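Each reported figure results from applying straightforward, stated rules to the coordinates on display, with no laboratory input. Computed from a prediction, not measured in an experiment: that's the story for all the values here. Positions of Cβ are generated from backbone atoms using ideal geometry, with glycine treated the same way; all protein chains shown enter the neighbour counts.
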Ligand SMILES: Cc1cc2nc3c(=O)[nH]c(=O)nc-3n(C[C@H](O)[C@H](O)[C@H](O)COP(=O)(O)OP(=O)(O)OC[C@H]3O[C@@H](n4cnc5c(N)ncnc54)[C@H](O)[C@@H]3O)c2cc1C
């Protein structure tokens, strides 16, 4: 079957799907790829690196895909009903949540947003408020601080990273951030509608995201928060339609989930169109020196703990390193806190097996902990404390590489 495949979205999920489909042995169909952002597809995860001055926009581009079977459409897909396809893959991502704002606010979701922020800095913005104390907000604050900007980090939760860290760990992080010129204000709901608005030259919004479901909604496909799909990424409302990445409702979020969804959908589409499966050795799109996931999944099924790992990029802000592995906010079995060094290490055991850990200020044990938590077959050390302190474990590498 010479299948006509239409893809909407050129983020990590869309790019990975197209790449895998074109690499599928025997694929003789066509791919029409609708993109909504200008320029080449890029790795969204690295936008804070751009703010920190670590990368140029060119350096975060995803590999170019050129193929006679591929047609780029540099316009968004407007409707499912009018598209001509045998299989349609929605990879439309998520919109940033925007509270009622005054004029000087910009979200951080796209390359254009990052450019707007960099322009404001070049035009003399010296005091920036970052709204949102989740992973993206903390990373953004650190990236801006690295540029010598004074940062107010405003969070509506009781403490920073409140979905990931307990109050004591967050307090140590807050102290470390303050030494880098980042002032943290928690318990504050920013909204221009209520007049609670930071005094700053620029306000950067990192208030979460909402899956883009408008195409699915207009086509009558089922959705809740995101587009509902089965394990292969297929809509129960139309077996020809798939949804992958941040627009889909499948229990997992973030860059790894987007790549994984794309891989599974490419296998299924190939199978349905009777091509060979995409080569399993095709590898992943390179994410760079990056972090697994930005938000904890709603449910953390047993055996998928590594999917909920958090490792912040904190751009050399001393003491701001954070790694959370396994179930966030699990009750710790062992805790080591060093107030002077502002470090805290917490480990949760189930029997003898490590199932969760949270590290603040010193994350050198993270690689080995990640492996130990991900692989229950690995025998834990006879003294569990060694997982937090052993020098050999500290020197293990590879956690923050994809
Ligand atoms: C600054 C930043 C840092 C992040 N860091 C991490 C991290 O460290 N770890 C992690 O796991 N996750 C991180 N994330 C989240 C991660 O980037 C997303 O989970 C991932 O990019 C989702 O990929 P996606 O392809 O599903 O969606 P997106 O990357 O949002 O791409 C969707 C694309 O579809 C386009 N589109 C929308 N509608 C249409 C249409 N109708 N037709 C055509 N195109 C359309 C959009 O414009 C967009 O280009 C970060 C996000 C940001 C913003």
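A few remarks follow.
- Share antiparallel - DSSP beta bridges, region 1-154, percent rounded to 5: 5 percent
- Highest to lowest packing among 178-188, 159-169, scored as the average C-beta count within 10 Å: 159-169, 178-188
- Quarter the surface of the alpha carbon convex hull of region 190-284 and you get the mean projected area, 9.1 square nanometres.
- Modelled label reach - residue 210, point 7 Å along Cα→Cβ, region 82-106 residues with backbone N closer than 15 Å: 93-101
- Remark: the Cα gyration tensor places region 204-256 in the oblate category, a/c being 1.5 or greater and a/b not exceeding b/c.
- Mean ellipticity per residue at 222 nm, deg cm²/dmol - from DSSP H runs of n ≥ 4 across the chain, formula -39500 (n - 2.57): -6500 deg cm²/dmol
- C-alpha center-to-center spacing [region 33-68, region 137-157] in angstrom: 23 Å
- Once the Cβ-Cβ distance of residue 224 and residue 341 is raised to the sixth power relative to R0 = 56 Å, the FRET efficiency obtained is 0.80.
- Nearest 10 degrees, 0 to 90: helix 167-179 Cα axis against the chain principal axis: 80 degrees
- Folded to 0 to 90 degrees: helix 111-122 orientation relative to the chain principal axis, Cα: 40 degrees
- Residue 97/residue 167 FRET efficiency (R0 25 Å; Cβ-Cβ; nearest 0.05): 0.55
- Between residue 194 and residue 69, the simple spin-label model (points 7 angstrom out along Cα→Cβ) gives 5.4 nm.
- Cα gyration tensor shape for region 65-116, rounded if a/c is under 1.5, else prolate or oblate: prolate
- Cα-Cα pairs of the chain separated by more than 28 Å (percent): 50 percent
- Sequence-distant contacts, meaning Cα pairs under 8 Å at least 6 residues apart, place the relative contact order of the chain at 16 percent.
- Rounded to 10°, Cα long-axis angle of helix 12-22 versus longest principal axis of the chain: 40 degrees
- With R₀ fixed at 35 Å, the C-beta to C-beta distance from residue 271 to residue 55 puts the FRET efficiency at about 0.40.
- With both residues required to sit in the chain, DSSP beta bridges show an antiparallel share near 45%.
- Gyration tensor (alpha-carbon) shape descriptor, region 105-205, a/c threshold 1.5: prolate
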